[in-house]
Each structure stands twice: as structure tokens, then as C-alpha cells.
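Below is one structure, written out as C-alpha cells; the observations come after it.
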Amino acid sequence: MATLSKKPEQDAISPFDGQTLDLKEGLNAAWTLIEEGVRDRRSIFHLPTVASISVDGSPTIRTVVLRGVDVSERSLRFHTDRRSAKFLELTRNPRIALHFYDASIKTQIRLEAVGELHVEDSLASAAWKASQPFSRLCYAAKFGPGEEVAMPPAAPTPKDAEIDDGFGNFCLVIATVHRLEWLYLEASGHRRAAFDWAKDGTLSARWLAP
């Protein structure tokens, strides 16, 4: 097991070239791809799968839009509706897992994290204001996500609701990562590594069998 610096530094990030066997290089490549998921809506990493534990103890998964990442803080951001099952699940059990996979670059990233919910506070307000108007309208929908309806309802439009009507239903989730697994597929030999952060921020890294 190798011990790396406490937090990955932003200016140290560089893409993985698939040739060297270096733990730090793998970690930097993983964070680079996650950051790209925020910057580029066409990136597969823009839409990670998030898993949580339902109220009855069953695993549940869904796709979210990656809204932000802070490498130095090991945090990712996404939004959810307070009326959704996801919100209730994270209220009861904040532990989540995130999954990214891009077949074109033969790379999988799995994260274990703890979600922090922000509702009608300064962070939620800033995230709300930074959102596109059409995204805000989703939270003004009459029915909450997963609610049973007689037929699929029409999406709200600016004519149907004021642009900020949905703020009370809006939630910012900040997920702090404590484990990252990186897998790179290569015919000459797959590479898989695990990175774990202790409570004090100390990072331990090790290779795993693919």
C-alpha cells in the first residue's frame, strides 16, 4: 500500500496515457474525467449513476446530472427534488455510491461518498441561481418525482409558473468522496487501483487485481 499526499492538487492533474504503472497518474486521470463531466455536457461523465439505500433497505439507482466538482475537497455536486424518494433516502442514510463508465476510453470509475443535503440555505440559493431557467422549472412541477398520476403530465412552462416557484422543492447535494476505484481496460493488462481517504484527509492507494 502506498501513501500519497492528503489531497490531490488541481495543477497536478494530467490524463492517463495507458503506458505507465503509476498510482498517482491513475488518480489524476480519474479526477480529470470527472471534471470534464462538469465542463462538457456531451461527456459520458456528465451523467453518473448514483446508488443509495431505500427506506426498506433495498439498493436503488438512478442517473443524475453532475453539476460541480471540487478536487481539493473531493466533493461532487448534483441536484434533486425534495419530493423525490432519493431525498428521503439520503435524509435517512447519506451514504451513496457513484458509477461512471466510458467504453470509448475503456475506463470505469466508482466512488463511495457521503451526501450532504442543502435546502433553502445560502449554498442551495447559489446553486439555484446558477441553474438554467428550464432546469428550475422542473421543480415547479405539480407532481413530485415518482408520484402516481392518471397520465403523464405536461412539463411546466414559464407561462404556468413563476421561474422561482420551485425553489422550495430544490435540494443541492454535495457528496464528499472517501473512496475512489479506477479501472482502465487494456489488452496487454488491465489496471485497477483503489484510493481511500481517512477522516484526517490522509490518502492511501494500492493496486487491485482487475
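Tabulated data
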| item | result |
| --- | --- |
| Every pair of residues 6+ apart whose Cβ atoms lie under 7 Å, when the first sits in region 166-193 and is under 30 Å from residue 155 (Cα atoms) and buried (at least 22 other Cβ atoms within 10 Å of the Cβ) while the second is at pLDDT 95 or above and among the small types (Gly, Ala, Ser) | 170/124; 171/124; 172/124; 172/127; 173/115; 175/75; 175/113; 175/115 |
| Residue 195 being in a strand (DSSP E or B) and within 23 Å of the chain's Cα centre (by Cα) | yes |
| Residue in region 101-119 that is assigned to a loop (DSSP other than H, G, I, E, B) and over 27 Å from residue 44 (Cα atoms) present | yes |
| Yes/no for residue 70 being exposed (fewer than 15 other Cβ atoms within 10 Å of the Cβ) and either at pLDDT below 95 or among the polar types (S, T, N, Q) (or both) | no |
| Test: residue in region 177-186 that is more than 20 Å from the chain's Cα centre (by Cα), modelled with pLDDT under 95 and not small (Gly, Ala, Ser) | yes |
| Pick from region 105-130, criterion without any contact (Cβ under 8 Å) to a residue 60 or more places away in the chain and polar (S, T, N, Q), ranking: surrounded by the most Cβ atoms within 10 Å (Cβ to Cβ) | 125 |
| Verdict on residue 134 being in a loop (DSSP other than H, G, I, E, B), aromatic (Phe, Trp, Tyr), over 20 Å from the mean Cα position of the chain (by Cα) and at pLDDT below 95 | no |
| Region 74-100, subset assigned to a loop (DSSP other than H, G, I, E, B) and touching a helix residue (DSSP H, G or I) at 6+ places or on another chain (Cβ under 7 Å), residue farthest from residue 169 (Cα to Cα) | 83 |
| Any hit, region 77-95, residues being of a type in the set (Gly, Ala, Ser) and surrounded by fewer than 17 Cβ atoms within 10 Å (Cβ to Cβ) | no |
| Residue list for region 1-56, restricted to those being assigned to a helix (DSSP H, G or I), modelled with pLDDT under 50 and charged (D, E, K, R) | 11 |
| Test: residue 156 is in a loop (DSSP other than H, G, I, E, B) and either among the hydroxyl-bearing types (Ser, Thr, Tyr) or in contact (Cβ under 8 Å) with a residue 60 or more places away in the chain (or both) | no |
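The values are calculated or read from the model by the stated rules, or taken from the named source; none is laboratory data. Everything numeric here is computed off the predicted structure, so don't read it as measured data. Every residue, glycine among them, receives a Cβ derived from its backbone with ideal geometry; neighbour counts consider all protein chains shown.
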